[in-house]
Amino acid sequence: MATKKLVVIIKNPSNDEEFLLLKQTRPPKFGDEEYDSYVDSDLWDLPSAQLNLLDGESESESRIAVEGEELCSEKLNLSKFDLNLAINQVLAQVGFGTSGGIQWKLRKCVEEPEFGPGVPLQTVYIIGKFGPEDAILQELCKWMSIQSCLNWLSDVKPSSDRVGPLVVVGFLNDLTQSAKWKIPHTFPLQEYPPGVKILPMGSRTAKPFRTTNLVVFAPENVSDDYGDNSFVAHGEALIVDPGCRSEFHKELMEIIAALPRKLIVFVTHHHNDHVDGLSIVQKSNPNAILLAHENTIRRIRKDDWSLGKTLVSGAEEICIGGQRVKVIFAPGHTDGHMALLHVSSHSLIVGDHCVGQGSALLDITSGGNMSEYFKTTYKFMELSPHALIPMHGRVNLWPKHMLCGYLKNRRSRESSILKAIENGAKTLFDIVAHTYSDVDRSLWIPAASNVRLHVDHLAQQNKLPKEFPVEKFQTTCGWHFLSRWLWAYLNSGFPLKYQKPRTAKMLGAVAMAGFAILYYLVRNN
Ligand SMILES: [Zn+2]
Ligand SMILES: [Zn+2]
């Protein structure tokens, strides 16, 4: 069951070209001077409200009618939802009077691809023409033409106002669809900002996610005039992180076949859920060139990629169809982790540095480093991106806010780790058990990786108490931790009141523990 949303396109009665945009509410402040000093620019989008199911058995007689609503009834039966409430909520947001006498028409119904981990979003767009009774707009509203929205979206300055995805996905994409490089319809995608297509594809990723976003960039008007020759690579299309599971390789093959042959394949880092489709890309287009950091390339198996490759270390620029994409070294998650900035839309593809929801894990087995992670987070904020595109989950529209949230979360974990150490915890297990006491014990294994990196970070900052035996602590990070965790895990799974744990359950737990140990040793997210 998807979440439903009503989006209202209000056309200006005195100018047919224009429709109403509403300044979007910012996420709440942190109440911290540093974090609150990083402010994202204003975001303008179509007004919208959540659609809730009608609770009564009878439909209201005065229900607002929408011309053509039957056209989306297969996907969403509007008559089951409280349309009046949603429309009135929108009108209250924009400060207009009641909706009496307005002719509403269905514009379209959009199903969001499955970004996860929550349910997908279904959006119904309706359109009507009217303005405020006194013809004066509130400060939060403005009339905008399609052309000015396109100008805002295609020539972005770091701190300029932004146009949101409801305008783009529900309105502009129909008008600006590329006819040249059409991705087959087998895979649902989202295009925001315009020109940047995001396809969540099933992958071997870590829970709660199930997909990795394949980012595809293939400008319509390919320019042969590449200007100066300082670009590290030229192409007519770019794909980022083809990491889908083998079940989706057929679809990936179709996507590659639909794209121009001059293809650049960029990989943010080497984890399986980012490279599992590489061999298929190579097979479908042997001329494609792989771009990645050398620490990533050396971890990619020859079977996955053996042909053309170019090493990048950050600060290089790639030219795709005459447009610029900047490579940004972004270590922290791994030591070869990279991000990409699409210059004209100023959107930042962040790899696994951030995920659509929750916090990111760092990979201690591949050079993950907390100090680098903090530095990269600040580097991203200095760029003032207009949108963050993670490889798992939805696009984030409040980049600085999200990045500050990550800083805050990591710092608060670090201070509770320090507190555990000051209270006498000396082993990895004791610190994890103290810091993550409220978290399911099955998640303590990946959490332990982050704890080790936090302890390293505390040591670098000379924050650890003198009596904390760092070297002894290191010796408790292997089997010592695993054996104690296994004992704790089994005890939590079988409370003492169950005197006769069933063999199958016990075997299940042991298998899970074995899996977790394996995961710990060869983590490959
Ligand atoms: Zn990943
Ligand atoms: Zn990863």
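Quick rundown of the values:
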quantity	calculated
Residue list for segment 228-252, filter: more than 16 Å from ligand 1 (Cβ to nearest atom) and touching a residue at least 60 places away in the same chain (Cβ under 8 Å)	Ser230, Phe231, Val232, Ala233, His234, Gly235, Glu236, Ala237, Leu238, Glu251
Lone qualifier among Pro390, Pro385 - being assigned by TED's automatic domain parsing to the domain that holds Pro200 and away from ligand 1 (no atom under 16 Å from the Cβ)	Pro385
Residue, nearest to Leu153 (Cα to Cα), within segment 178-207, restricted to residues that are modelled with pLDDT under 90 and of a type in the set (A, V, I, L, M)	Ala179
Among residues of segment 19-30, those that are surrounded by 19 or more Cβ atoms within 10 Å (Cβ to Cβ) and either under 15 Å from Ser148 (Cβ atoms) or touching a Phe, Trp or Tyr at 6+ places or on another chain (Cβ under 6 Å) (or both), counted	3
Test: residue in segment 148-157 that is over 17 Å from Ala49 (Cβ atoms), surrounded by 18 or more Cβ atoms within 10 Å (Cβ to Cβ) and of a type in the set (Val, Ile, Thr)	yes
All strands (runs of 3 or more DSSP E) inside segment 238-326 with 2 or more residues being surrounded by fewer than 19 Cβ atoms within 10 Å (Cβ to Cβ) and modelled with pLDDT under 95	none
Helices (runs of 4 or more DSSP H) within segment 416-525 that include 2 or more residues at pLDDT below 60 and not assigned by TED's automatic domain parsing to the domain that holds Asn369	503-521
Qualifying positions in segment 269-297 - farther than 17 Å from Gly351 by Cα and either among the small types (Gly, Ala, Ser) or within 16 Å of ligand 2 (Cβ to nearest atom) (or both)	Ser279, Ser284, Ala288
The listed residue being farther than 30 Å from Gly405 by Cβ and surrounded by fewer than 16 Cβ atoms within 10 Å (Cβ to Cβ), out of Ser79, Ser37	Ser79
Options Leu428, Leu403; residue that is over 26 Å from the mean Cα position of the chain (by Cα), crowded, with 22+ Cβ neighbours inside 10 Å and either more than 16 Å from ligand 1 (Cβ to nearest atom) or not aliphatic (A, V, I, L, M) (or both)	Leu428
For Phe115: the one exception among (1) surrounded by 16 or more Cβ atoms within 10 Å (Cβ to Cβ); (2) out of contact with any Pro (no Cβ under 8 Å at 6 or more places or on another chain)	(2)
Entirely in segment 59-174, the strands (runs of 3 or more DSSP E) that have 2 or more residues that are among the β-branched types (Val, Ile, Thr) and in contact (Cβ under 8 Å) with a residue 40 or more places away in the chain	121-129
Members of segment 355-376 found to be modelled with pLDDT of 95 or more and crowded, with 20+ Cβ neighbours inside 10 Å, listed by number	Ser366, Gly368, Asn369, Met370, Glu372, Tyr373, Thr376
Condition met for Met370 (hydrophobic (A, V, I, L, M, F, W, C), over 22 Å from Pro165 (Cα atoms) and either within 15 Å of ligand 2 (Cβ to nearest atom) or touching a residue at least 60 places away in the same chain (Cβ under 8 Å) (or both))	yes
Qualifying residue in segment 200-221 (condition: surrounded by 21 or more Cβ atoms within 10 Å (Cβ to Cβ), more than 18 Å from the chain's Cα centre (by Cα) and more than 16 Å from ligand 2 (Cβ to nearest atom))	yes
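Matching residues to (1) in the same structural domain as Glu220 (by TED's automatic domain parsing); (2) of a type in the set (Asp, Glu); (3) more than 24 Å from Lys400 (Cβ to Cβ); (4) away from ligand 1 (no atom under 16 Å from the Cβ):
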site	(1), (2), (3), (4)
Leu311	yes, no, yes, yes
Ala315	yes, no, no, yes
Asp335	yes, yes, yes, no
Met338	yes, no, no, no
His342	yes, no, no, yes
His353	yes, no, no, no
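The values are calculated or read from the model by the stated rules, or taken from the named source; none is laboratory data. Remember, predicted model here, so these are calculated numbers, not experimental data. Note that each Cβ is placed from the backbone with ideal geometry, even for glycine, and that neighbours are counted across all protein chains shown.
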